[in-house]
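Undergrad: A single structure is presented below for examination.
The values are calculated or read from the model by the stated rules, or taken from the named source; none is laboratory data. Please read all numbers here as calculations on a predicted model, not as lab measurements. FYI the Cβ positions are ideal-geometry reconstructions off the backbone, even for glycines, and counts take in every protein chain you see. Keep in mind that these areas ignore ligands, DNA and RNA; they rest on the heavy atoms of the full protein, side chains included. Shrake-Rupley method; radii C 1.70, N 1.55, O 1.52, S 1.80 Å.
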Amino acid sequence: MTDPINAFVPGPRIRIEGAPDGPLRGLTFAAKDLFDVAGHPTGGGNPDWARAHPVPQRQAWAVQTLLDAGAALIGKTITDEVSLGILGENAFDGTPLNTRAPDHVPGGSSSGSAAAVAAGLCDTALGTDTGGSVRVPASFCGLYGIRPTHGRLNLDGMLPQAPSSDTTGWFARDAATFARVSEVLLGEPVPAALPSRLIVAVDAFGFADPDAAAALGPMLDRLKALIGNVSEEAMAPPGLSVWSRAQRTLQPVEAWQTFRLWLERYNPRMAFNVARGLIAGSMTADAEREWAELMRQEARARMAYLLPLGTILCLPTTPFPAPLKGLPLSVVGPLRARISCLCSHGGLTGVPQVSIPGAEVNGLPIGLSIVGGHGSDATLVAVACALAG
């Protein structure tokens, strides 16, 4: 099977047929190479990970759930190295092609999954989202993407990074497919009723590039008309950068704890920027980690206040569309930091979020996101479908 966009992991392609009957019969899906597929190594985007770990004998929960619902698995997709990236460039496996913006990154770390769906190679694909790894590629590739409520889905068979923030997510090109897949993985129907109140996160819109905020204006206007009762609030009163600092403190510390034994035992090959992040996590002072934990509690309290039952919040998924591929680290670093400022609330607070396509900046896609209280995942899917008309 050909791979014209470098979305799938190198080597023979996998195909596993789904159950003959089920709500997803006729659909195909791919799985990020953090999900176990029985009889095939889980590579994690690093050439030395699979060599140090046994070949799984069971499917990851998310993979098995889609197979049981009738969808057919067509392959495993490239990920940023051990999911520690946000742009989608892998030093070992290369950068999957973003067909919506060919000279630009697809977004990571679920880069191959997003690229495969955007190119029409499969109907949906599994990704993971710890610090933005479904939301960012959904925005950059013009897709529907969801980060579910933290802790809602079974993560068995998914390679962890930072367990207090890790989630399984998925992509689709159209709202109907997105809803079908969401109903299966969430285990509940998409409701007919919509929220009764919308909050516009003015700090997030102000933080985005002016042309990005302007491009999202028509989508925002349709969302306001759909919900009706609209108000404006700052999502993060201490500052989006403060929330981001807290998440970028906690996540590397947990990642270091996750990968420490592997690093110490096998001394794996690793790209500089990935190794640098893990080293930073290993050197984080207790006082800094304790401050970040307190900020997490404040952020959770703020989101609980903003998002009672029946209320959703909207913001730009990313502050700008996909950057060019191959930028030097000195340029990429500040871009990553700005992306984190609009994504950190997910890992900090565990709220569900859906990125909705429909806007462009100079021909490049950018997504509008809706966020709800814990457990409101299916309602967010309903809003995305209603906005699609």
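Undergrad: Residue 2 to residue 267: extension gain in nm, 0.36 nm per residue of separation minus the Cα-Cα distance? Spell out each step's value before the answer.
TA: On the way: separation 265, 0.36 × 265 = 95.40 nm, distance 3.34 nm.
Roughly 92.1 nm would be gained on extension.
Undergrad: Could I ask something else about it? Consider all pairwise Cα distances in the chain and report the whole-number % of them above 37 Å.
TA: 13
Undergrad: Can you give me the three principal axis dimensions of segment 243-385 from its C-alpha atoms, in Å, biggest first?
TA: Here the Cα extents, ordered largest to smallest, are 48, 38, 23 Å.
Undergrad: Here is a follow-up. With r defined as the distance between the Cβ atoms of residue 38 and residue 13 and R0 fixed at 22 Å, what FRET efficiency is calculated, to the nearest 0.05?
TA: Values: r = 16 Å, r/R0 = 0.71.
Using R0 = 22 Å, I get an efficiency of 0.90.
Undergrad: Follow-up question, since we're still on this one. Please list, in order along segment 119-136, the HN-Hα scalar couplings obtained from phi with the Karplus expression 6.51 cos²θ - 1.76 cosθ + 1.60 (θ = phi - 60°), rounded to whole Hz, x for Gly and Pro.
TA: With coefficients 6.51, -1.76 and 1.60, one gets 7, x, 6, 8, 7, 8, 7, 7, x, 10, 9, 9, x, x, 6, 9, 4, 5 Hz.
Undergrad: Enumerate the residues in segment 238-267 having an amide nitrogen under 11 Å from the point lying 7 Å beyond the Cα of residue 289 toward its Cβ.
TA: Taking a point 7 Å out along Cα→Cβ of residue 289, the residues of segment 238-267 whose backbone N falls under 11 Å are 250-258.
Undergrad: How many percent of the accessible area of segment 186-231 is carbon or sulfur, using a 1.4 Å probe? All intermediate terms of the calculation are to be shown ahead of the outcome.
TA: Numbers: 1270 of 2120 Å².
On segment 186-231, the fraction of accessible area on carbon and sulfur atoms equals 60 percent.
Undergrad: Go through segment 7-99 and name the GluC sites (Glu not before Pro) that are in a DSSP coil and have 13 or fewer other Cβ atoms within 10 Å of their Cβ. Before the final figure, lay out the partial values.
TA: Details: sites: 17, 81, 89; in loops: 17, 89.
Here the sparse-neighbourhood loop sites are 17.
Undergrad: Relative contact order for the chain: what percent, with Cα pairs under 8 Å and sequence separation of 6 or more? Walk me through the numbers before you get to the answer.
TA: Numbers: 945 pairs, mean separation 75.1, N = 389.
Over the chain, the number comes to 19 percent.
Undergrad: When a/c is below 1.5 the answer is rounded, else prolate if a/b is larger than b/c, else oblate, so apply that to segment 131-266 with a ≥ b ≥ c taken from the square roots of the Cα gyration tensor eigenvalues. Intermediate results must be reported in sequence, preceding the final value.
TA: Details: a/c = 2.15, a/b = 1.37, b/c = 1.57.
Oblate, since a/c reaches 1.5 and b/c is not below a/b.
Undergrad: Which distance in nm do the two modelled labels at residue 362 and residue 232 give, with both placed 7 Å along the Cα-to-Cβ direction?
TA: The answer from the label model is 2.7 nm.
Undergrad: Which of 334, 316, 189 moves the most in a Gaussian network model of the chain with Cα springs under 10 Å?
TA: 334
Undergrad: Starting from the Cα gyration tensor of segment 25-180, take the square roots of the eigenvalues, sort them a ≥ b ≥ c, and report rounded, prolate or oblate (rounded when a/c is under 1.5, otherwise prolate if a/b is larger than b/c, else oblate). Could you put the intermediate results ahead of the total?
TA: Working: a/c = 1.36, a/b = 1.08, b/c = 1.26.
Rounded, since a/c falls under 1.5.
Undergrad: In addition: Provide the per residue accessible area, probe 1.4 Å, for segment 109-162, rounded to a whole number of square angstrom.
TA: 16
Undergrad: From the residues 47, 75, 104, which one has its Cα farthest along the dipole of segment 35-109 in the positive direction, the dipole being from +1 and -1 charges on Cβ of Lys/Arg and Asp/Glu about the Cα centre?
TA: 75
Undergrad: Let me ask you something else. So if R0 is 51 Å, what FRET efficiency would residue 188 and residue 211 give, r being the distance between their Cβ atoms, rounded to the nearest 0.05?
TA: Values: r = 38 Å, r/R0 = 0.74.
That pair, residue 188 with residue 211, gives E of 0.85.
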